[in-house]
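Structure record follows, encoded as structure tokens.
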Amino acid sequence: MLQHAITFNHVSFEINQMNLLKNISGTFYKGHITTLIGPSGAGKTTLLKMCNGLISASQGQIMIEQEQIERIEPTVLRRRVGIALQSAPLLKNSVYENLALPRKLQEQKLSKEEALSFLQAVGLGANFLMREAADLSGGQKQKLSIARTLVNQSEVLLLDEITSALDPKSVREIEDLVVQLNEKYGVTIIWITHNIEQAKKLGHFTWMLKEGQLIEAAATDALFQSENPVVQSFIQREVAL
Amino acid sequence: MTYASLSLTLLFVLIPLALSKTLKLGLERDTMIATVRSVVQLLAVGYILNFVFASESVLYMLLMISLMIVAATLNVRKKGKNIPGITWKLVVTLLSIEAVIMSVLLGLQIMPATANFIIPISGMMIGNSMVLCILFLNRFQSEIAANEHTIELILSLGGTPKQAIHQQLMDSIKASMIPTIESQKTIGLVQLPGIMSGQIIGGANPIEAVQFQILIIFALLTCATLSSIILGFLVYPTLFNERMQKIVD
Ligand SMILES: Nc1ncnc2c1ncn2[C@@H]1O[C@H](COP(=O)(O)OP(=O)(O)OP(=O)(O)O)[C@@H](O)[C@H]1O
Ligand SMILES: [Mg+2]
């Protein structure tokens with residue numbers, strides 16, 4: 001039996017009279033990886049930010065397990081449902097200070113050992129700990145941002161294009177890490193990616209969004225074999241690139 | 001001074017007008033407006049003060065202070081159009097400053113409780129507060145715009161609005177206080193402060209004038225510190241909604 005982690009019921013999102021999301025209904029299943037694909041500007045990031053309450057639906061309802069999202073205290077919700085933001089913003093401070101931020105917000109400390117283990121998880125060595133975050137390369141920044149998202153040990157992880165700046169080897173390492181988090185700790189994953197192979201390889205389920213609409217949501221294999229021409233033309237164009 | 005001799009000072013207006021015209025600076029219109037406004041406003045204030053002092057009425061004095069606060073609020077409000085409730089936040093800030101400064105000065109009997117002391121000092125404090133509020137709002141808004149991503153990051157990790165905006169708030173409070181502190185370091189070395197010059201020209205003993213000026217400097221320091229802190233703490237919560245989301249403008 002599939003359990004619901006996050007459910008959307010007729011969710012729309014409007015800003016400045018623009019409909020960024022239109023009547024989205026669907027379920028992200030607990031303990032599974034759902035990949036989210038679709039062209040630029042489709043509304044993927046917008047949908048992801050709704051899952052941890054960074055923005056609220058204009059219409060419709062979002063449920064976290066059985067609870068209405070508005071009933072959950074925002075700080076609690078955002079720790080339960082963690083996000084690695086697409087912009088991977090870093091504090092102008094050391095790598096350690098960046099890693100310790102989630103704890104600091106709860107007036108707790110992050111030990112050096114813990115910090116090192118989070119760095120190791122994303123493939124960054126111990127020598128990075130005291131470096132300035134601003135001096136890291138694009139890929140290293142992205143890894144640090146992922147590591148920092150892990151610190152809250154959320155039950156759901158929202159990943160917004162977290163491998164876009166990485167070399168192929170690093171991409172594989174991060175993919176392995178996410179799969180491991182999912183398999184070993186049962187973390188529910190919602191993963192936005194522009195890499196169609198990644199979406200296919202790692203997803204149990206896949207959603208395709210376009211122009212604010214959910215075109216199709218299905219088991220990954222089924223979606224990739226979908227007869228829907230919009231889905232097919234998107235996949236073929238992405239693969240051709 | 002007679003009005004005849006005062007009118008000769010219009011020469012000081014003709015110089016910039018002539019230069020603006022020859023150099024095509026295009027400032028003639030603004031210079032004229034500034035000249036007319038300053039003459040009208042100052043003369044009006046002079047006559048009003050004359051009347052208020054003569055009447056010895058507390059009510060008129062309070063009315064005058066209220067007018068200053070209203071004028072200052074209307075002036076600053078434009079700088080924070082996107083901030084909900086900015087008007088009453090400014091009124092509360094300016095009222096608090098006035099209350100604190102006057103409680104100390106009058107409560108400890110540092111200064112006589114008469115209109116000729118209370119009104120000019122109130123004017124200086126409120127005016128100074130006004131400038132500080134403008135500095136603070138400008139800085140705070142640009143700090144927030146430059147750090148959108150960091151603010152969102154802290155919220156996304158489960159931080160509160162206060163935690164998310166703490167750095168920008170503190171930086172802006174500090175930045176708006178610095179000019180007051182810096183200018184006080186060199187005070188008297190180059191330029192004699194206006195009120196002191198005024199008293200000396202008016203024939204007061206320079207030492208007495210200096211004592212009075214020191215009182216004002218200290219009061220302005222409190223004024224500078226309090227203005228941006230009070231306004232900052234009133235403003236930041238309204239930038240977020242009850243779901244701890246940053247309100248986009
Ligand atoms: N705060 C906002 N105000 C106005 N428009 C917005 C806002 N946020 C997003 N948009 C618009 O909404 C649309 C969807 O944005 P979103 O970031 O969700 O797309 P996306 O699918 O994540 O795209 P990408 O793959 O390029 O990251 C875009 O057209 C974007 O310009
Ligand atoms: Mg996006």
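In table form, for the structure just shown:
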item	result
Check on A:Gln153, closer than 26 Å to A:Arg79 by Cβ, more than 16 Å from ligand 2 (Cβ to nearest atom) and part of a loop (DSSP other than H, G, I, E, B)	yes
Odd one out for A:Glu161 among (1) under 23 Å from B:Arg243 (Cβ atoms); (2) within 16 Å of ligand 1 (Cβ to nearest atom); (3) open to solvent by 10 Å² or more (accessible area, probe 1.4 Å); (4) more than 10 Å from chain B (Cβ to nearest Cβ)	(1)
Number of the condition not met by A:Leu2 [criteria: (1) aliphatic (A, V, I, L, M); (2) open to solvent by 20 Å² or more (accessible area, probe 1.4 Å); (3) within 16 Å of ligand 2 (Cβ to nearest atom); (4) closer than 30 Å to A:Val239 by Cβ]	(3)
Residue within region A:130-151 that is under 21 Å from A:Tyr29 (Cα atoms) and of a type outside the set (A, V, I, L, M) present	yes
From B:Ile216, B:Ile230, residue being more than 14 Å from every other protein chain (Cβ to nearest Cβ) and over 30 Å from A:Thr75 (Cα atoms)	B:Ile216
Pick from region A:28-46, criterion closer than 20 Å to A:Asn195 by Cβ and more than 14 Å from ligand 1 (Cβ to nearest atom), ranking: most open to solvent (accessible area, probe 1.4 Å)	A:His32
Residues being touching a helix residue (DSSP H, G or I) at 6+ places or on another chain (Cβ under 8 Å) and within 16 Å of ligand 2 (Cβ to nearest atom) - total across region A:21-48	7
Qualifying residue in region B:75-92 (condition: open to solvent by less than 70 Å² (accessible area, probe 1.4 Å), among the aromatic types (Phe, Trp, Tyr) and either part of a helix (DSSP H, G or I) or within 14 Å of chain A (Cβ to nearest Cβ) (or both))	no
Which numbered condition A:Thr149 fails, given (1) open to solvent by 30 Å² or more (accessible area, probe 1.4 Å); (2) among the polar types (S, T, N, Q); (3) under 25 Å from A:Gln106 (Cα atoms)	(1)
Pick from region B:185-229, criterion small (Gly, Ala, Ser) and part of a helix (DSSP H, G or I), ranking: most open to solvent (accessible area, probe 1.4 Å)	B:Gly194
Whichever residue in region A:49-85 is more than 16 Å from ligand 2 (Cβ to nearest atom) and of a type in the set (Lys, Arg) and, among such residues, is least open to solvent (accessible area, probe 1.4 Å)	A:Arg78
Exclusive hit being of a type in the set (Gly, Ala, Ser), modelled with pLDDT of 95 or more, within 16 Å of the chain's Cα centre (by Cα) and not in a strand (DSSP E or B), set A:Gly53, A:Gly41	A:Gly53
Residue match in region A:47-66 (condition: within 18 Å of A:Ile192 (Cβ to Cβ), out of contact with any strand residue (DSSP E or B) (no Cβ under 9 Å at 6 or more places or on another chain) and within 14 Å of chain B (Cβ to nearest Cβ))	no
Filtered residues of region A:206-226 (kept if open to solvent by 30 Å² or more (accessible area, probe 1.4 Å) and touching a residue at least 40 places away in the same chain (Cβ under 8 Å))	A:Lys210, A:Glu211, A:Gln213, A:Leu214, A:Ile215, A:Ala217
Cross-chain or 6+ apart pairs with Cβ under 6 Å, region A:67-83 first and more than 9 Å from chain B (Cβ to nearest Cβ), then in a helix (DSSP H, G or I)	A:Val81/A:Cys51
Flag for A:Ala88 being open to solvent by less than 10 Å² (accessible area, probe 1.4 Å), within 16 Å of ligand 2 (Cβ to nearest atom), outside any strand (DSSP E or B) and within 24 Å of A:Glu238 (Cβ to Cβ)	no
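The values are calculated or read from the model by the stated rules, or taken from the named source; none is laboratory data. In this text, all values refer to a predicted model and were calculated from it rather than measured experimentally. Because the Cβ atoms are built from the backbone with ideal geometry, glycine has one as well, and the counts that use them run over all protein chains shown. Just the protein is used for accessible areas: all its heavy atoms, side chains included, with ligands, DNA and RNA removed. Shrake-Rupley method; radii C 1.70, N 1.55, O 1.52, S 1.80 Å.
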